[in-house]
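A.B. asks: Got a structure for you, written out below as C-alpha cells; questions coming shortly.
The values are calculated or read from the model by the stated rules, or taken from the named source; none is laboratory data. All figures in this text were calculated on a predicted structure; none of them were measured in a lab. Heads up, the Cβs are rebuilt from the backbone with ideal geometry, glycines too, and the neighbour counts pull from every protein chain shown. Surface areas here come from the heavy atoms of the whole protein model, side chains and all, with no ligands, DNA or RNA. Shrake-Rupley method; radii C 1.70, N 1.55, O 1.52, S 1.80 Å.
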Amino acid sequence: MSTLRKKLVMVGNGMAGVRAIEHLLKLAPEAYEITIFGAEPHPNYNRIMLSSVLAGGASMNDIIINDLEWYHSNGIRLYTGHTVTSIDTRQKKVHTDKGIEASYDELILATGSNPFMLPLPGAEKEGVIAFRDIKDTQIMQETAKTHRKALVIGGGLLGLEAARGLLHLGMEVSVVHIHEYIMERQLDEAASVMLRKELEAQGMKFLLKKQSEAILGKKRVKGLLFADGEIAEADLIVMAVGIKPNIELARKSGIEINRGIIVNDYMETNTPGVYSVGECAEHRGIAYGLVAPLYEQGAVLAKRLAGVQTEGYAGSITSTKLKVSGVDVFSAGQFTEQPGSRALRYQDEIEGVYKKLVIKDDKLVGAVLFGDTGDGAQLFSMIKNHENIKGMEKELLLGVSSDALASPKGNRLEAMADDEIICGCNGVSKGAIAEAIQSGGCTSVGAIKACTKASASCGGCKPLVEGLLQIYAGDNAVTVKEGICGCTTLGRDEIVAEIKRMELKTVKEVMNVLDWSNDEGCAKCRPSLNYYLGMLWPEEYIDEKESRFTNERYHANIQKDGTYSVVPRIYGGVTTPADLIKIAEVAAKFDVPMVKFTGGQRLDLLGVKKEDLPKMWEELDMPSGHAYGKTLRTVKTCVGSTFCRFGTQDAIGMGIRLEKAFERLNTPAKVKLAVSGCPRNCAEATIKDFGVVAIDGGWELHIGGNGGVHVRATDLLCVVKTDDEVLEWASAFLQYYRENAGWNERTAQWVERVGLESIKQALDDREERLALKERIEATLRLTSDPWKQIVNEPELRKNFEPITQPETV
Ligand SMILES: Cc1cc2nc3c(=O)[nH]c(=O)nc-3n(C[C@H](O)[C@H](O)[C@H](O)COP(=O)(O)OP(=O)(O)OC[C@H]3O[C@@H](n4cnc5c(N)ncnc54)[C@H](O)[C@@H]3O)c2cc1C
Ligand SMILES: NC(=O)c1ccc[n+]([C@@H]2O[C@H](COP(=O)([O-])OP(=O)(O)OC[C@H]3O[C@@H](n4cnc5c(N)ncnc54)[C@H](O)[C@@H]3O)[C@@H](O)[C@H]2O)c1
Ligand code: SF4
Ligand code: FES
C-alpha cells in the first residue's frame with residue numbers, strides 16, 4: 001500500500017457509511033488507506049432486510065451486502081466487534097474498547113441510530129428487546145420456538161414489520177400503539193384504518209390508545225401494565241417506538257451536535273477533517289431514518305473526499321413502503337393537507353383500494369396509496385421532480401396508466417436523467433440499470449436484482465425496473481410469472497389446477513397444502529380462493545363469509561358515511577305501480593334520506609342504517625338486486641319492439657329472461673348485461689360485459705365491454721337467430737368466464753388477456769356450449785336469495801345488530 005495515501009478512518013460499518021466508501025473507491029481508488037471500525041461482529045449487511053429474514057423471506061446469508069472478501073480486495077482494514085470509545089481531534093486519533101489506536105487524516109462518523117427504549121420500570125427484564133440488528137432478530141427467532149405471546153410496542157413501520165415476522169414465527173402478536181391510528185407518521189386516517197383491518201385479518205391484534213406504564217415479571221417478562229390499569233400478558237416485548245441518532249461519541253469529542261451530529265451540505269462537521277453521514281447526521285435540522293436520503297448523503301461525501309466537484313446535499317423528500325407481504329401501503333412527501341394545498345381522494349371499499357394525492361400550486365407534493373401501490377414509484381418521481389400535473393390529476397388518481405404518466409417528451413421513464421435514483425433502498429440509478437441491461441446482458445428483474453441490487457429490499461421500485469427492462473431489452477425481456485399475491489408464488493391457473501387435482505376443499509387446506517408463506521393469507525388471496533373453491537365445488541363448498549368484503553357480507557353497498565344502500569331487483573328495468581308504492585312506503589317509513597334512479601334502471605334507497613336492513617327487506621319482500629359484490633348486477637334494456645317504432649326485437653322480454661336466468665350468479669368480478677332492440681343501441685349494450693343487440697332476423701352477441709374509468713367497447717362474439725340461442729351463448733360465455741378468469745378480473749381485461757379468438761374457439765363447439773350451460777345451470781340451481789334467508793333466520797339477523805368491535809375486512 002502506498003505511503004502517500006491519506007488515512008481515512010470510519011466509525012460504524014453500517015449501510016450509509018459503507019455506501020459512501022463504495023462510491024469513494026469508484027471515484028478515487030488510490031486516494032486513501034481505509035480503516036473501518038464496526039461494533040457489530042458482522043461485515044456490512046442490509047438492515048432493511050432483517051424484516052424479510054424474520055418473516056421467512058430471506059436468510060441471514062442473503063442480506064450480506066459486502067462480504068469479508070470485498071474489504072480484503074479493496075485493501076480496507078476492517079475491525080468488527082470493535083467499538084470506538086474516544087476521538088482525539090487534535091492528535092487525529094481514535095481508540096477502541098479493545099485497545100486499538102488508529103490515526104487519521106479524515107474521519108467519518110457513521111454511527112447510525114440507537115433504538116429508543118421506553119424507560120419503563122422492568123425494561124431490563126429478559127425478553128424485552130428492540131428490533132435493530134441481527135442479534136435482535138435471532139433472539140426473536142429463538143424465543144418463538146419456546147414462547148407464545150409477543151407484544152410489540154409501537155405501531156409504526158418497524159413495529160408492524162416486527163409483528164408480521166413474529167406472526168410468521170407462530171407467535172400470538174398484539175401491537176400496542178399510543179394513538180388511535182397506526183402508522184400515523186405516514187398515513188392518514190382512512191388508509192390507517194384499512195391497514196389495521198387487513199392486518200387483523202392476518203391475525204394481528206391491536207391495543208390502541210394505550211400508554212405503557214411498567215413491565216411485569218420476575219427475571220423474565222410476564223406482561224405489560226398500562227396507565228388505565230389493564231394488563232396484557234407477554235413472553236416477549238419488542239420496543240419499536242422510534243430511534244435516536246447515535247451521537248455519544250461525537251458529544252464526548254467536542255463535535256457539534258443537536259439531535260444528531262450537525263453537518264453542512266458537504267457532510268462536514270464543525271471539526272476540521274471530521275465528517276458524518278447516515279442516521280447519526282443532522283442536516284438542515286433533519287436526521288433521516290430511511291436509507292434513500294442516507295445514500296444521497298454518501299454520494300456527496302464520497303465526492304467531497306475524492307476532490308470531485310459537487311453541488312452538495314440539499315435534503316431529501318422521502319417515501320416509505322411497508323414491507324408486509326400481502327399488504328400494499330405507500331406514503332410519500334407531504335401526505336396531509338396544509339394551508340395552500342388540496343387533496344384528491346379515491347376509495348373503493350370493495351376492492352380495498354385507497355388513494356390520496358396532495359397537490360399544491362399544480363404540483364404533486366404528497367401521496368398515500370393503499371391496496372394498489374403500483375404507481376407509487378412513478379408518483380414519487382413526480383413529487384421529487386416538482387412536475388406540473390395540471391390537467392392530469394384525475395388520471396393520476398384513478399389508476400395511473402402508463403399513458404397518463406407519459407410526459408410531453410414521451411415516456412416518463414425514458415425522459416428521466418441517467419443519474420436519477422430508481423431504487424431508493426439500494427441507491428441504484430436509472431443509468432446503472434440501463435447499463436446492466438445493455439452491457440451486462442440482464443433480461444429479467446431477477447438478473448437486474450442480482451447485478452445491481454435494485455428491487456432487492458422493499459420491492460417498491462419493481463414497476464420502474466420492469467419499465468426499464470421493457471425500454472432497453474424490448475422483446476428480450478423475460479417476465480417472470482408472479483404469484484396471485486405475496487403469500488404464494490403460484491399463479492391463478494396453477495392454483496385452480498392444484499385445487500382440482502388434489503381435491504382441496506377449504507381455503508385453509510389450500511394454503512397449507514400449497515405452502516402459503518402467510519398462514520392467514522391476505523386480502524388478495526383469501527377472497528380469490530373463496531371464489532375458486534365455490535366455482536369448482538358448487539355443491540360442497542360453503543362460502544366463507546370472512547373471506548368476503550364488507551359489502552358482500554352485509555349484502556348491501558357500504559357508503560362513504562358508513563350507511564348502506566338497499567336496491568331491490570327490477571328485472572329489465574320494468575316495474576309496476578304496486579312495486580313502486582311498496583318501495584315508496586318502505587323509504588318513507590324508514591326515513592331513507594335519498595331515493596335515486598341508478599344507471600342500471602332501478603331504484604337505490606341510500607343512507608340506510610345497518611340495523612334497519614333486515615326490517616326493510618322484510619317489508620319490501622322483493623328479490624335482492626345484488627347491487628354489491630361480484631355477481632350479475634343489472635340487465636339494462638331499451639323499450640325495443642314493444643313500443644319503439646325502430647325496434648326489431650323484444651328487448652325488454654329478452655332482458656328480463658336473461659336477468660331471471662342469471663340473477664344470484666357468483667362471478668369473478670361484477671357483470672353487467674344490456675339488450676338493445678335495434679342497432680341504434682339505446683341500452684348501450686356495447687360497453688357491457690355481455691351485450692345483446694337486435695338486428696333484422698336475429699341478435700348480435702357482444703362481449704368484454706366496460707364503461708367507467710377504462711372504457712372498452714365490446715368485441716362481436718357471434719350472430720344468432722333465436723332467443724333460445726341467445727340464452728345458450730350467454731350461459732356458455734358466462735360459465736367459461738367463471739371457469740377461466742382470475743378473481744377480480746373484469747371480462748374486458750380477461751378478453752384482452754386471453755384474446756377474442758380463444759374464447760370464440762372454446763364456445764364454437766355446440767357440445768361444449770351445452771356442457772358449459774349445464775354446469776352454470778347446476779350452479780344456479782343451488783343459489784337462493786340472500787335477503788330471504790337473512791329475514792327468516794334470527795341467527796343471521798343478529799349480524800346486523802349494532803357492533804362496537806372494529807370490523808375485519
Ligand atoms: C428492521 C428494520 C427494517 C428497516 N427497513 C427499512 C426500509 O424498508 N427502508 C428504509 O429506507 N429504511 C429501513 N430501515 C432503516 C435503515 O435500516 C437505516 O436507515 C439504515 O440502516 C441506517 O444506516 P446507517 O449506516 O446510518 O446506520 P446503521 O445501519 O445503524 O449503522 C451504524 C453502525 O455503526 C455501528 N456503531 C455505532 N457506534 C459505533 C462505535 N462507536 N464504534 C463502532 N461502531 C459503531 C453500529 O453498531 C452499526 O452497525 C429499517 C431498519 C430496521 C431496523
Ligand atoms: N419499511 C420501512 O421503510 C421501514 C421499516 C422499518 C423501519 N424503518 C425505519 O426505522 C426507524 C424506526 O422505525 P419505528 O417504526 O420504530 O419509528 P417511527 O418513529 O416511524 O414510529 C414509531 C411509532 O411508535 C409509536 N409510539 C411512540 N411512543 C409509543 C409508546 N409509548 N407506545 C406505543 N407506541 C408508541 C409512534 O406513535 C410511532 O407511530 C424509522 O426511521 C423508520 O423509518 C423503515
Ligand atoms: S335501440 Fe332501437 S329499439 Fe331500442 S329504443 Fe333505441 S331505437 Fe328503439
Ligand atoms: S426502492 Fe426499495 S427495493 Fe428498490
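A.B. asks: Cα centroids of the stretch 420-441 and the stretch 620-693: how far apart, whole angstrom?
C.D. replies: Rounded to whole Å, the Cα centres lie 51 Å apart.
A.B. asks: Can you compute the charge dipole magnitude of the chain about its Cα centre, using +1 on each Lys and Arg Cβ and -1 on each Asp and Glu Cβ, nothing else charged? Give it in debye, rounded to the nearest 20.
C.D. replies: With Lys and Arg at +1 and Asp and Glu at -1, about 1360 debye.
A.B. asks: Another question, if that's okay. Show log10 I(q)/I(0) for the stretch 246-305 at q = 0.17 Å⁻¹, two decimals, from a solvent-free Debye sum over equal Cα scatterers.
C.D. replies: Taken in order of the listed q values, log10 I(q)/I(0) reads -0.47.
A.B. asks: Out of every Cα-Cα pair in the stretch 492-548, what percent are more than 14 Å apart?
C.D. replies: The calculated P(r) of the stretch 492-548 puts 46 percent of pairs beyond 14 Å.
A.B. asks: Between VAL595 and LYS615, what is the label-point separation in nm under the 7 Å Cα-to-beta-carbon projection?
C.D. replies: Placing both labels 7 Å beyond Cα along the Cβ direction yields 1.8 nm.
A.B. asks: Still on this model: Taking only Cα atoms of the stretch 629-784, what ratio of Rg to Rh do you get with Rh as the Kirkwood inverse-distance radius?
C.D. replies: Answer for the stretch 629-784: 0.94.
A.B. asks: So if R0 is 35 Å, what FRET efficiency would LEU27 and HIS179 give, r being the distance between their Cβ atoms, rounded to the nearest 0.05?
C.D. replies: Numbers: r = 45 Å, r/R0 = 1.28.
After rounding, the FRET efficiency stands at 0.20.
A.B. asks: So what are the three principal axis dimensions of the chain from its Cα atoms, in whole Å, longest to shortest?
C.D. replies: For the chain, the Cα spread along each principal axis is 101, 62, 56 Å.
A.B. asks: May I pose another question? Under the 0.36 nm per residue contour assumption, what length would be gained going from the current alpha-carbon distance of ILE64 and ALA415 to full extension? Don't jump to the answer; show the numbers that get you there.
C.D. replies: Values: separation 351, 0.36 × 351 = 126.36 nm, distance 3.37 nm.
Once the chain is fully extended between ILE64 and ALA415, it gains 123.0 nm.
A.B. asks: Next question. Would you mind working out the accessible area per residue for the chain, using a 1.4 Å probe, and quoting it in Å²? All intermediate terms of the calculation are to be shown ahead of the outcome.
C.D. replies: Numbers: 35690 Å² over 809 residues.
Accessible surface, normalised per residue, equals 44 Å².
A.B. asks: OK, next. Going by Cα centres, the stretch 490-524 and the stretch 1-68 are how many Å apart?
C.D. replies: Going from one Cα centre to the other spans 41 Å.
A.B. asks: Would you mind working out the magnitude of the charge dipole of the stretch 262-318 relative to its Cα centre, with +1 at each Lys and Arg C-beta and -1 at each Asp and Glu C-beta, to the nearest 20 Debye?
C.D. replies: With Lys and Arg at +1 and Asp and Glu at -1, about 80 debye.
A.B. asks: Further question on the same structure: State the percent of C-alpha pairs, over all pairs in the stretch 411-460, separated by a distance greater than 12 angstrom.
C.D. replies: In whole percent, the share of Cα-Cα pairs in the stretch 411-460 beyond 12 Å is 60.
A.B. asks: Just to check, using Stokes-Einstein with a Kirkwood Rh over alpha carbon pairs, what's the diffusion coefficient of the stretch 128-241 at 25 °C and 0.890 mPa s in µm²/s? Each step should come with its number before you reach the end.
C.D. replies: Numbers: Rh = 14.1 Å.
D = 175 µm²/s.
A.B. asks: Also: Treating the angle as unsigned and between 0 and 90°, give the value, to the nearest 10°, between the Cα long axis of helix 766-781 and the longest Cα principal axis of the chain.
C.D. replies: 80
A.B. asks: Estimate the FRET efficiency between GLN309 and GLU393 by the formula 1/(1 + (r/R0)^6), using the beta-carbon distance for r and 45 Å for R0, to the nearest 0.05.
C.D. replies: Once rounded, the FRET efficiency stands at 0.70.
A.B. asks: Sticking with this one: For the chain, what does -39500 (n - 2.57) per DSSP helix run (n ≥ 4), summed and divided by total residues, give at 222 nm, in deg cm²/dmol to the nearest 500?
C.D. replies: The per-residue figure over the chain is -9500 deg cm²/dmol.
A.B. asks: In debye, nearest 20, what is the charge dipole magnitude of the stretch 411-550 about its Cα centre with +1 on Lys and Arg Cβ and -1 on Asp and Glu Cβ, if you could check?
C.D. replies: Value, rounded to 20: 140 debye.
A.B. asks: Continuing with this model, one more query. Using alpha carbon centroids, what distance separates the stretch 88-120 and the stretch 327-360, in Å?
C.D. replies: A separation of 42 Å, based on Cα centres.
A.B. asks: Among GLY217, ALA240, ILE255, which residue has its Cα positioned farthest towards the positive end of the charge dipole of the stretch 214-256, with +1 placed on the Cβ of Lys and Arg, -1 on the Cβ of Asp and Glu, and the dipole taken about the Cα centre?
C.D. replies: Of the options given, the answer is ILE255.
A.B. asks: Counting pairwise Cα distances across the stretch 286-342, what percent come out greater than 14 angstrom?
C.D. replies: Details: 1069 of 1596 pairs.
Taking all Cα-Cα pairs of the stretch 286-342, the fraction more than 14 Å apart is 67 percent.
A.B. asks: Next up: Just to be sure I understand: if I project the alpha-carbon convex hull of the stretch 169-300 onto a plane and average over all orientations, what area do I get in nm²?
C.D. replies: Computed as one quarter of the Cα hull surface, the answer is 11.7 nm².
A.B. asks: Using θ = phi - 60° and the Karplus relation 6.51 cos²θ - 1.76 cosθ + 1.60, list the HN-Hα couplings for the stretch 372-378 in order, rounded to whole Hz, with x at every Gly or Pro.
C.D. replies: Going residue by residue, I get 9, 10, x, 8, x, 4, 5 Hz, with x marking Gly and Pro.
A.B. asks: Per the 1.4 Å probe, what fraction of the accessible area of the chain, in percent, lies on carbon and sulfur atoms?
C.D. replies: Heavy-atom surface of the chain belonging to carbon and sulfur, 1.4 Å probe: 50 percent.
A.B. asks: Continuing with this model, one more query. Considering the dipole of the chain built from charges on the beta carbon (Lys and Arg +1, Asp and Glu -1) around the Cα centre, which of GLN470, GLY491, GLY127 is farthest to its positive end?
C.D. replies: Farthest towards the positive end: GLY127.
A.B. asks: For a paramagnetic label modelled at 7 Å from the Cα of ALA778 toward its Cβ, which residues of the stretch 725-741 fall within the zone defined by backbone nitrogen distances under 11 Å?
C.D. replies: none
A.B. asks: Now a separate question. Of GLY440, THR96, TYR79, which is farthest on the positive side of the dipole of the chain, counting Cα position, with +1 on Lys and Arg Cβ, -1 on Asp and Glu Cβ, and the Cα centre as origin?
C.D. replies: Result: THR96, furthest along the dipole toward the positive end.
A.B. asks: Same structure, new question: Compute the distance in nm between two label points, each set 7 Å from the Cα along the Cα-to-Cβ direction, one at LEU118 and one at GLN141.
C.D. replies: With each label point 7 Å from Cα toward Cβ, the separation is 2.8 nm.
A.B. asks: What spacing in nm lies between the two simple spin-label points modelled at ASN799 and PHE226, each 7 Å away from Cα in the Cβ direction?
C.D. replies: About 2.9 nm, to one decimal.
A.B. asks: Strictly over 27 Å apart at the Cα level, which of LYS462/LYS500; LYS6/LYS98; LYS205/LYS610; LYS135/LYS219; LYS505/LYS670; LYS209/LYS630 would you flag in this model?
C.D. replies: LYS462/LYS500; LYS209/LYS630
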